[in-house]
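The structure appears right after this line, and notes come after that.
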Amino acid sequence: MAANIIVRNLKQLNDAELEEFLSLNLNEFEVDLKSEDSDCELEIMNVKDNIVTMENIGSDISDFESGEIAKANLEASDLFNQSKCGQSCKGFKSLVIDLNYVPTHLVVRNCSSRMQQEKPLVSDFLFRQLFDTTSSTYTYLLADTTTKEAVLIDPVFEHAVRDAQLCKDLNLSLKYAMNTHMHADHITGSGVLKKITGCKSLISKASGAAADIHVDESDVVQFGRHILKIFATPGHTNGCLTYYSPEQGIAFTGDTLLIRGCGRTDFQEGNSATLYQNVHEKIFTLPPATKLYPAHDYKGLTVTTVDEEKRLNPRLTKSLEKFIEIMDNLNLPYPKMIDKAVPANRVCGVFEVSTE
Ligand SMILES: [Fe+2]
């Protein structure tokens, strides 16, 4: 049976209205977007057999002029199989969609934050993402290509020579070997890199680790003309930092926020509530298109965005209480490297480095 519903904006519906809307079986509905939603897109969510699929239909309606009534005939396969993300429908006032099938539930919502454009890196900013297969650690090389000043974020002991060689190959001068926190799963490469390149090591004051330079939230890291702002984001450890480049729209979240996950909070100075608070108050308040580069990934993913994690992180989209419950019940094994890595990282990873 056809139904015809006008939805102004799901954000404006109260819980009862939303529940009523979700319970409807619709095969036709009308969306009337408020004029202030000038840069929005529509998304259909279909809940079937407890599987939620969400498909953007912006590309179907992007050719229409502002204020026009657009009609789109969608097949079921469009919703389930074919992603149509990629375009926003600027200036839409109204949209009518006829559906050729009856979904179990259907939602149209404004998701204006979703399609914000990711910033391209500026031409004088060098970015390399390096990987350690043993600990699944990402190391990041950043540089000002004009002045050649560079920094390495979270270098790994076993790859210090590789990283120093890469700097040499690219004619870069390594200024800092810096860490997001005192790691428990690998030994930092900072100490070796200091010896090879003459760089300075850098870590947070709150980490309790030795380094040439200790920083906190009031500091910035500068290399050439580029800067990284610093957010204190403890919770995985007391000294966890997030480094943020507003100009490039990128942030390095360490173990505070991983792609669809987060660092564990059951050892060192871990605190689930603190981690949750810092992610929500600091990382999740960055622009939605900000690209987030974590310290690790165990599935081969390399980058995420603030918007993705706000929508899709299976832990951090939950309430604080639920998040704490999840973190309390991970039942993870004792970290293999912790008894070796933490004492070494407390002294900049130099404890077993030969002076020869
Ligand atoms: Fe860690």
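Read-outs: derived from the displayed coordinates by stated rules, not from any lab. Just so it is clear, the structure is predicted and the values come from calculations on it, not from any experiment. Every residue, glycine among them, receives a Cβ derived from its backbone with ideal geometry; neighbour counts consider all protein chains shown.
What nm value, rounded to one decimal, do you get for the distance between LYS322 and ASP169 when each label is placed 7 Å out toward the C-beta?
Roughly 4.5 nm, to one decimal.
Which pairs in the list LYS200/LYS322; LYS195/LYS310; LYS148/LYS282; LYS200/LYS291; LYS200/LYS310; LYS119/LYS322 are over 32 Å apart, alpha-carbon to alpha-carbon?
LYS200/LYS322; LYS195/LYS310; LYS200/LYS310; LYS119/LYS322
Once fully extended, how much extra length lies between ALA273 and LEU312, figured as 0.36 nm per residue of separation less the alpha-carbon to alpha-carbon distance?
Additional length available on full extension: 12.1 nm.
Hand me the trypsin sites (Lys or Arg not before Pro) from region 285-356 located in a DSSP loop with no more than 12 other Cβ atoms within 10 Å, in residue order please.
Hits after loop and neighbour filter: LYS299, LYS336.
Grab the Cα-Cα distance for TYR334 and LEU121, subtract it from 0.36 nm times how many residues apart they are, and report the gain in nm with one decimal.
Roughly 72.8 nm would be gained on extension.
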